[in-house]
């Protein structure tokens with residue numbers, strides 16, 4: 001709305017006039033004029049953004065009162081309990097539109113023990129969560145449980161906890177054979193290993209472990225297999241009709 005572009009013929013060729021908003025009321029139009037209103041520029045004059053482990057991430061106004069890292073975090077209602085305090089990242093756009101990264105010790109800045117950092121327009125402050133930096137994969141349960149699926153990993157999660165979360169055992173579940181498969185993880189390894197997984201077996205009674213490694217706790221990416229009992233058989237029916245006294249459906253009681 002600040003300016004319009006007018007293209008007109010001057011009798012010999014085209015000419016372009018840029019008309020400012022203060023001249024709209026006095027600018028005289030001519031026959032054949034073409035007026036174009038351009039879209040506003042896709043940029044901000046005073047934008048700050050904070051992402052990650054704060055209570056109100058989002059976009060904020062750069063102003064005389066809000067122009068430092070500490071004030072931006074306070075405006076976003078502070079750090080969440082899972083914030084990684086040792087290091088945050090400030091993305092800053094240079095004049096040539098390239099981006100540079102500035103490391104931020106968010107803990108000392110919020111404590112006031114290190115100098116506050118002044119912000120510039122288009123700065124983006126990212127405060128990671130400890131969960132973003134830690135691979136906490138799901139645990140998965142297969143087989144004879146009510147809701148076989150992947151479930152979020154939690155510290156100190158046991159086999160019983162996962163089975164309860166999965167809705168408990170089905171009637172066909174084997175209580176003497178529940179297996180847990182675990183990945184081999186050695187981040188300091190320098191050689192390949194023939195062993196590619198670990199297996200643990202357990203027996204259950206009333207949904208609780210009664211036989212197996214004591215104090216067993218699940219790890220991220222563990223997979224639990226609740227086996228089907230080989231002694232469980234659903235009824236199999238046969239039908240008989242015709243010249244008999246008691247026709248109808250009968251259940252098999254033997255494979256023979």
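Every number here is computed from the coordinates shown, using simple stated rules; none is lab data. None of the values given here were measured: they were computed from a predicted structure. A quick note on method: Cβ atoms are made from the backbone with ideal geometry, for glycine too, and the neighbour counts reach across all protein chains shown.
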**Message:** Return the residues of the range 128-139 that are surrounded by 12 or more Cβ atoms within 10 Å (Cβ to Cβ) and not in a strand (DSSP E or B); say none if nothing qualifies.
**Reply:** 128, 130, 132, 136, 137, 138
**Message:** Filter the range 17-58 down to the residues that are surrounded by fewer than 10 Cβ atoms within 10 Å (Cβ to Cβ) and part of a strand (DSSP E or B) and list them by number.
**Reply:** 18, 36
**Asked** From the set of residues in the range 226-256 that are closer than 21 Å to residue 146 by Cβ and in a strand (DSSP E or B), which is nearest to the chain's Cα centre (by Cα)?
**Response** 226
**Request:** Given the conditions (1) more than 30 Å from residue 136 (Cβ to Cβ); (2) outside any loop (DSSP other than H, G, I, E, B); (3) free of Cβ contacts under 8 Å to residues at least 40 places away in the same chain, report the number of the one that residue 1 does not fulfil.
**Result:** (2)
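Here is a yes/no grid of residues against (1) outside any strand (DSSP E or B); (2) surrounded by 13 or more Cβ atoms within 10 Å (Cβ to Cβ):
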| residue | (1), (2) |
| --- | --- |
| 141 | no, yes |
| 153 | yes, yes |
| 171 | yes, no |
| 177 | no, yes |
| 224 | no, yes |
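For every residue, the table says whether it meets (1) in a helix (DSSP H, G or I); (2) free of Cβ contacts under 8 Å to residues at least 60 places away in the same chain; (3) loosely packed, with under 13 Cβ neighbours inside 10 Å.
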{"position": "81", "(1), (2), (3)": "no, yes, yes"}
{"position": "89", "(1), (2), (3)": "no, yes, no"}
{"position": "95", "(1), (2), (3)": "no, yes, yes"}
{"position": "101", "(1), (2), (3)": "no, yes, yes"}
{"position": "109", "(1), (2), (3)": "yes, yes, no"}
{"position": "125", "(1), (2), (3)": "no, no, no"}
{"position": "156", "(1), (2), (3)": "no, no, yes"}
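Is it the case that some residue within the range 199-208 is in a strand (DSSP E or B), exposed (fewer than 10 other Cβ atoms within 10 Å of the Cβ) and touching a strand residue (DSSP E or B) at 6+ places or on another chain (Cβ under 7 Å)? So that I can check it myself, show each step before the final result.
Kept after step one, since they are in a strand (DSSP E or B), are these residues of the range 199-208: 199-205, 208.
Now drop any that are not exposed (fewer than 10 other Cβ atoms within 10 Å of the Cβ), which leaves 199.
Pick out the ones that are also touching a strand residue (DSSP E or B) at 6+ places or on another chain (Cβ under 7 Å) and you get 199.
Taking every residue of the range 199-208 in turn, at least one turns out to be in a strand (DSSP E or B), exposed (fewer than 10 other Cβ atoms within 10 Å of the Cβ) and touching a strand residue (DSSP E or B) at 6+ places or on another chain (Cβ under 7 Å).
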